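The values are calculated or read from the model by the stated rules, or taken from the named source; none is laboratory data. Owing to the predicted nature of the structure, the values given are computational and were not obtained by experimental measurement. Here Cβ is always computed from backbone atoms with ideal geometry, including for glycine, and neighbour counts include all displayed protein chains. In case anyone asks, the SASA skips ligands and DNA or RNA and just uses the protein heavy atoms, side chains included. Shrake-Rupley method; radii C 1.70, N 1.55, O 1.52, S 1.80 Å.
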Amino acid sequence: MRILVLGGDGYLGWPTAVDLASRGHDVAIVDNYVKRTIESKIGVTPLLEVPRLHDRSRQLAANTGWNIEVFIGDISKDYEFLSHVLNAFEPEAIVHYAEQPSAPYSMAGVEEAVFTQVNNVVGTLNLAFAVAERDPSIHIVKLGTMGEYGTPEIPIEEGWLEITHGGRHDRVLFPKRPHSIYHLSKVHDSNNLEFMCRTWGFRVTDLNQGVVYGHRTNYYDDAGFSTSFHYDGVFGTVINRFAVQAAMGMPLTVYGAGGQTRGYLNIKDTLECINLALLNPADAGEIRVFNQFTETFSVMDIARQVVEAAGNIGIQASIAHTDNPRNEKEEHFYEAAHTGLVGLGLQPHFMSHGLLEELLRDIQPWINRVNGGTILNSPTWTGVVERTPTHAR
């Protein structure tokens with residue numbers, strides 16, 4: 001297939017592009033480097049330096065023969081650019097990662113919240129109109145998030161809910177209660193794309209992904225593969241943060257009670273889920289939803305597993321609790337269906353199969369690059385309402 005990856009500079013975007021190219025697809029990527037701009041603005045950097053896309057693409061081609069075409073531009077601000085890319089590359093499928101990915105950043109203040117909503121929602125709307133203009137049969141694979149659902153008191157279905165009310169029956173998108181402005185932007189995306197499927201006959205696969213960890217794939221050792229690894233409180237995930245803290249001899253900082261429960265998956269499974277979705281596209285007029293995770297853990301479960309994995313390779317690690325900057329339930333019911341991708345053939349990589357030990361070994365040679373001051377720099381969820389108006393300063 002001819003596959004366009006939007007957000008190709010990201011933690012998942014670049015590995016996805018490489019993986020698809022390795023499978024023989026014609027691949028192009030789009031990015032505007034906005035995440036790098038935010039990183040510079042707030043003073044965080046990934047653990048390893050990540051080359052820019054044109055350099056990575058050239059290096060990859062030289063070492064593997066896989067060619068990835070690169071387009072640099074902003075799909076949320078420049079519709080003509082996006083339309084040009086679709087007309088020039090003529091994709092049969094589009095993998096849409098091109099969004100501001102941080103919940104903490106989206107809650108830092110009004111500027112960050114508005115940027116997140118505009119960048120994410122408008123970018124997806126521009127994509128929808130560009131696809132309608134170019135070819136409505138293009139299969140859109142959009143990365144959503146399990147965070148769209150929140151933590152309801154009922155089991156989470158795979159995207160849809162069958163209801164009977166007033167003696168009538170219907171099928172509706174599962175109710176959403178997101179915990180951040182970022183997650184709320186993803187809900188808007190899902191609703192907009194569901195509308196496009198009903199109205200214009202689009203084909204959309206909405207992947208509500210859990211928390212991804214790891215950075216090794218089948219091509220980890222190939223030159224040009226390198227992807228970002230964030231451990232800070234804005235772009236880093238809890239597993240990355242715990243792994244870095246363990247490697248540095250710091251206590252693993254659990255937010256609050258640590259009962260917050262979520263779905264998790266290894267990056268290798270993310271790539272396979274994308275592949276399965278592309279090989280088995282949604283039907284015309286269908287928005288198909290998969291809950292994309294393989295295991296469910298609480299934050300305390302994760303902390304204990306990291307401590308055990310560290311001990312297995314000779315690192316003594318401990319756990320400490322800290323105030324939770326997020327407005328979320330710390331003990332709650334959580335049960336979510338996730339059978340769709342397994343039904344397509346996903347064979348999960350489980351955390352207990354040495355994946356945490358692998359992660360800890362990989363980061364140890366680079367631990368001197370860690371900026372310890374950014375590990376706990378997450379904004380609080382009250383940042384928006386406590387902001388002092390400019391005229392009052």
L60 - would you say it is at pLDDT below 95, under 30 Å from V244 (Cα atoms) and surrounded by fewer than 22 Cβ atoms within 10 Å (Cβ to Cβ)? no
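Only one of V187, V131, V172, V122 is open to solvent by 30 Å² or more (accessible area, probe 1.4 Å), in a helix (DSSP H, G or I) and β-branched (V, I, T). Can you tell me which?
V122
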Can you name every residue in the stretch 25-57 that is open to solvent by 60 Å² or more (accessible area, probe 1.4 Å), out of contact with any helix residue (DSSP H, G or I) (no Cβ under 9 Å at 6 or more places or on another chain) and modelled with pLDDT of 95 or more? T37, S40, K41, H54
Mind checking which pairs have a first residue in the stretch 272-283 that is over 9 Å from L341 (Cα atoms) and a second that is part of a helix (DSSP H, G or I) and of a type in the set (D, E, K, R), Cβ under 9 Å, 6 or more apart or different chains? E272/D19; I274/D19; N275/D19
Flagged in the stretch 316-341 as buried (at least 17 other Cβ atoms within 10 Å of the Cβ) and among the small types (G, A, S), in numbering order, are A317, A336, G340
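Yes or no, residue by residue, for (1) in contact (Cβ under 8 Å) with a residue 60 or more places away in the chain; (2) open to solvent by 30 Å² or more (accessible area, probe 1.4 Å); (3) in a helix (DSSP H, G or I):
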{"position": "I94", "(1), (2), (3)": "yes, no, no"}
{"position": "A113", "(1), (2), (3)": "yes, no, yes"}
{"position": "I140", "(1), (2), (3)": "yes, no, no"}
{"position": "L161", "(1), (2), (3)": "no, yes, no"}
Across (1) open to solvent by less than 20 Å² (accessible area, probe 1.4 Å); (2) more than 23 Å from G147 (Cα to Cα); (3) hydrophobic (A, V, I, L, M, F, W, C), V307 clears everything bar (1)
Determine the pairs where a residue that is under 17 Å from G236 (Cα atoms) and among the aromatic types (F, W, Y), located within the stretch 1-18, has a partner that is in a loop (DSSP other than H, G, I, E, B) and open to solvent by 20 Å² or more (accessible area, probe 1.4 Å) with Cβ atoms under 6 Å apart, the partner being 6 or more residues away or on another chain. none
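Just name the residue that is modelled with the lowest pLDDT out of those in the stretch 194-215 that are more than 17 Å from M146 (Cβ to Cβ) and surrounded by 18 or more Cβ atoms within 10 Å (Cβ to Cβ).
Looking only at the stretch 194-215, we keep the residues that are more than 17 Å from M146 (Cβ to Cβ), and these are 194-204, 214-215.
Then keep just the ones that are surrounded by 18 or more Cβ atoms within 10 Å (Cβ to Cβ); that gives 194, 196-197, 202-204, 214-215.
Values: E194: 98, M196: 97, C197: 98, F202: 98, R203: 98, V204: 98, G214: 89, H215: 84.
Result: H215.
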Among (1) among the hydroxyl-bearing types (S, T, Y); (2) farther than 23 Å from C273 by Cβ; (3) touching a Leu at 6+ places or on another chain (Cβ under 7 Å), there is one condition S40 misses while meeting the rest; what is its number? (3)
